[in-house]
Amino acid sequence: MIKINVLIENKSWIKYIKNPENYFKKKIKKLNNNIIFKNKKIEFSLLLSGSKIITKLNLKFRKKDKATDVLSFPSNELLNSKKRGKKSFIYIGDIVINLNKLKINLNEKNFFLKFDETWIHGLAHLLGHKHKSKKDYLVMKKVENKFLRQIN
């Protein structure tokens, strides 16, 4: 089971997604049917931001002084921890998405597809996937595509 905390830093997001909480409620409900999430209770936060905040975070944590479309900050909590009670959620981390990078050259129809691809990419990182090597990239892409098929 997945629980998501949606935070809006940049109010321009409301022009694109009228009610982000409802949007994600529907998407997460579909993802919760995935076998990966059946016996785990995970929680993450999603910050809907603009270029200013994501540039600051990218500089602070990745030493890159530029805006990017998405940043993921995995938690150190383990998904397979046996010490947790059955009712408690495991906080897996934070995702930050930059509206300004996302909306470049997109019309309304493909905005939502690109948005879903972006936050799913961030979620895959929170679940431990990386794309440093070609092999890792292909595994991660397969996971992302599976999740995207489920939510759309």
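The values are calculated or read from the model by the stated rules, or taken from the named source; none is laboratory data. Keep in mind that what you see is a predicted model, and the values were worked out from it rather than measured. Note that we place each Cβ from the backbone using ideal geometry, even for glycine, and neighbour counts take in every protein chain shown. We work out accessible area using only protein heavy atoms, side chains counted, and drop any ligands, DNA or RNA first. Shrake-Rupley method; radii C 1.70, N 1.55, O 1.52, S 1.80 Å.
With respect to (1) assigned to a loop (DSSP other than H, G, I, E, B); (2) within 24 Å of N5 (Cα to Cα); (3) among the charged types (D, E, K, R), the lone exception for K132 is condition (2). Out of curiosity, is K82 in a loop (DSSP other than H, G, I, E, B), open to solvent by 30 Å² or more (accessible area, probe 1.4 Å), basic (K, R) and at pLDDT below 85? Here the answer is yes, as K82 does meet what is asked.
Within the stretch 130-152, residues that are open to solvent by 90 Å² or more (accessible area, probe 1.4 Å) have Cβ atoms under 8 Å from residues that are not polar (S, T, N, Q) in these pairs: K130/D136; K130/M140; Y137/H131; N152/L113; N152/D116, counting only partners at least 6 apart in sequence or on another chain. One residue is enough: does the stretch 55-74 have a residue meeting the conditions open to solvent by less than 40 Å² (accessible area, probe 1.4 Å), among the hydrophobic types (A, V, I, L, M, F, W, C) and in contact with a Lys or Arg (Cβ under 7 Å, 6 or more places away or on another chain)? Yes: the stretch 55-74 contains one or more residues that are open to solvent by less than 40 Å² (accessible area, probe 1.4 Å), among the hydrophobic types (A, V, I, L, M, F, W, C) and in contact with a Lys or Arg (Cβ under 7 Å, 6 or more places away or on another chain). Taken over the stretch 1-44, the criterion of being acidic (D, E), within 17 Å of S72 (Cβ to Cβ) and open to solvent by 40 Å² or more (accessible area, probe 1.4 Å) is satisfied by E9 alone.
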